[in-house]
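Some notes on the structure that comes next.
The values are calculated or read from the model by the stated rules, or taken from the named source; none is laboratory data. Owing to the predicted nature of the structure, the values given are computational and were not obtained by experimental measurement. Using ideal geometry, Cβ is built from the backbone for each residue, glycine included, and neighbour counts are taken over all protein chains shown. We work out accessible area using only protein heavy atoms, side chains counted, and drop any ligands, DNA or RNA first. Shrake-Rupley method; radii C 1.70, N 1.55, O 1.52, S 1.80 Å.
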Amino acid sequence: MCWSATADLVAGAGIACIGVACVARVHRIGDLPLAALPLLLGAHQLVEARVWQVQGGTGPATVAWAVIALPLLAVWVPVAVFCAVPRQARARLAIPLACGVATAAVLTYGIVTSPVRAEIRGHTVGYAIGLPHAAVLVAGYLLATIGALLLSGDDWLREFGLLAAVGALVCWALWRLEFVSTWCAFAAVCSVVVFGWVVRRRPRDSR
């Protein structure tokens, strides 16, 4: 999905439409942040299409992409899962949520204090930002996002988490320097699973 501006436009528009359908089917306000995740990820791919069009660099599109990909998603996913699951299941989400907040704080500081640069590398986009202890931040990020999904206790969300985990391993193995871009694209495609979760969430299931 990160192979060209056209691919990002097509994928982003399709995933965003699925996100709109998810939001339209929500029966419970607490499900709304998670239902809106495909909409956010679809919009994220559209932003990357703009990064392609301007040939990378350090412009507004690059910064917007980094803000969504890094601090926003690190908090959005665990908070969304926390809001959607039953109250008795929320205690086990404390660690992913705390990791998400801490990781997002460091990532936000990095974006504010260091320029974010995008570089077109063949059929992928690489993003560079000066961050200390990058490996620790990646671990905290994945624990917050994938960990929250796997600990949700919901079959559909666990499936989403497993797909995202497999995608992370594949993207790291194949495109280590472009990991963030390729994994975000993979996660965006996998987020269509959220539609099945929303459809299954009848009002009585959400109490």
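Placing +1 on each Lys and Arg Cβ and -1 on each Asp and Glu Cβ, with no other charges, gives the chain a dipole about its Cα centre of roughly 640 debye.
Whenever you get a sec, line up R28, R158, R92 from highest to lowest accessible area (probe 1.4 Å, protein heavy atoms). Let's see the in-between values first.
Values: R28 60, R158 85, R92 115 Å².
Ranked list, largest accessible area first: R92, R158, R28.
Full extension of the chain between A89 and Q53 gives 8.6 nm of extra length, using 0.36 nm per residue less the Cα-Cα distance.
Going through (1) 1, 6, 10, 12, 14, 14, 13, 10, 7, 6, 5, 3, 1, 0; (2) 1, 7, 13, 17, 16, 12, 9, 8, 6, 4, 3, 2, 1, 1, 0, 0; (3) 1, 8, 16, 20, 21, 16, 10, 5, 2, 0, the figure that equals P(r) over Cα pairs in 5 Å bins from 0, in percent as computed for the structure here is (3). Hydrophobic long helices, here whole DSSP H runs in the chain with Kyte-Doolittle means of at least 1.6 and Cα atoms spread over 15 Å or more along the helix axis, are found at 5-24, 73-84, 94-113, 134-150, 179-190.
Over the chain, DSSP H runs of length four or greater, each weighted -39,500 (n - 2.57), average out per residue to a 222 nm ellipticity of -21500 deg cm²/dmol.
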